[in-house]
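Colleague: Structure below; questions to follow.
The values are calculated or read from the model by the stated rules, or taken from the named source; none is laboratory data. Worth saying up front: this structure is predicted, and the values here are computed from it rather than measured. Cβ placement follows ideal geometry from the backbone for every residue including glycine, while neighbour counts extend to all protein chains displayed.
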Amino acid sequence: MDSTLFLGLIHPGQMLFGLTVLLFGSAFTLSLLIGFHTHVIRPLIGVLFVILFLMLGTVAIEFSSAATPSYTFGNFASLSEALSTHRWLLFQLPIILTMTALFVLFVYREKIADAHARVYRAVVLLSIAISFASLVAIIFESML
């Protein structure tokens, strides 16, 4: 198979988005463990940084001239085009919540496992869970 044909089928924004979704799964798993194992905090911070850069890269690719709108194909093109604005509004939520989780983890680091930091652990866990859920919602909306 010709490699240029294969690369023409891959949309760079969709690749970054897919990697973001996969990494959010691992970040969610790590965030479940931060109350019990403090050695997962550094990898969680690293994964969240990669996720943040992937999301910003997705935004940069979609708003640059390198990408064409991928929502105008199929039988449901008009509905998909109408939902595209909602998808971009929904995409802002994981960016903000990921930065919030990173900020809390930077401030508390290993002390987040202490008893007084229960609320902050919950903030990190909910930020990651809501971000992951919003990305899954974007996936389902993109299928239309």
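Colleague: Within region 20-46, which residues are part of a helix (DSSP H, G or I), hydrophobic (A, V, I, L, M, F, W, C) and in contact (Cβ under 8 Å) with a residue 12 or more places away in the chain?
Modeller: Within region 20-46, V21, L23, F24, A27, F28, L30, L32, I41, L44, I45 qualify.
Colleague: Here are some residues: F49, F17, F53. Which one is at pLDDT below 90 and either assigned to a helix (DSSP H, G or I) or of a type in the set (A, V, I, L, M) (or both)?
Modeller: From the options F49, F17, F53, the qualifying one is F17.
Colleague: Note down all Cβ pairs under 7 Å where the first residue falls in region 99-128 and is in contact (Cβ under 8 Å) with a residue 12 or more places away in the chain and farther than 15 Å from F28 by Cα, the second is among the basic types (K, R) and crowded, with 18+ Cβ neighbours inside 10 Å, and they're at least six residues apart or on different chains.
Modeller: I112/R121
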